[in-house]
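The values are calculated or read from the model by the stated rules, or taken from the named source; none is laboratory data. Since the model is a prediction, treat every value here as computed from it, not as a measurement. Counting neighbours? That spans all protein chains shown, and the Cβs are built from the backbone with ideal geometry, glycine included.
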Amino acid sequence: MDITGEGYARRRRWLRDRLCSRLHLQGGSMDRLMRLQHLAEAERHIASGDQHISDQELRVAELELLGHNSALARSLLETFRLIQVQHEAHRDHILKELASNAV
């Protein structure tokens with residue numbers, strides 16, 4: 001099966017349209033379904049990010065407790081925190097879209 005190019009895109013459109021007709025969804029409802037899927041994905045990213053941050057905080061504490069240089073570990077922790085802010089902003093954006101399109 002060709003998973004690249006126009007054949008793949010055509011197959012995806014066909015599957016999307018078929019799903020839409022099977023679920024009796026029209027335009028806005030399909031958009032809402034897609035936004036809800038994106039929201040679920042954003043929530044998974046946030047949960048995963050929380051775990052990464054927690055794990056990295058423990059690594060930093062352990063390094064410092066043992067008297068090792070923790071600068072690189074702290075830098076990575078800060079990166080995780082910045083990414084987490086982006087994940088949360090993305091989730092909030094999706095929630096606003098869902099709220100503004102709710103009828």
Every residue from the range 38-75 that is more than 19 Å from the chain's Cα centre (by Cα) and surrounded by 14 or more Cβ atoms within 10 Å (Cβ to Cβ):
GLN56, GLU57, ARG59, VAL60, LEU63, SER70, ALA73, ARG74
Going by the conditions given, is HIS52 touching a Phe, Trp or Tyr at 6+ places or on another chain (Cβ under 7 Å), at pLDDT 95 or above and part of a helix (DSSP H, G or I)?
yes
Name the residues in the range 76-101 that are surrounded by 11 or more Cβ atoms within 10 Å (Cβ to Cβ) and either more than 20 Å from the chain's Cα centre (by Cα) or part of a loop (DSSP other than H, G, I, E, B) (or both), would you?
ASN101
Taking the range 5-32 and the residues there that are at pLDDT 75 or above and under 30 Å from GLU88 (Cα atoms), the one that is surrounded by the most Cβ atoms within 10 Å (Cβ to Cβ) would be ARG32
Can you say whether ARG35 is surrounded by 11 or more Cβ atoms within 10 Å (Cβ to Cβ), within 15 Å of the chain's Cα centre (by Cα) and modelled with pLDDT under 95, as far as the supplied structure shows?
yes
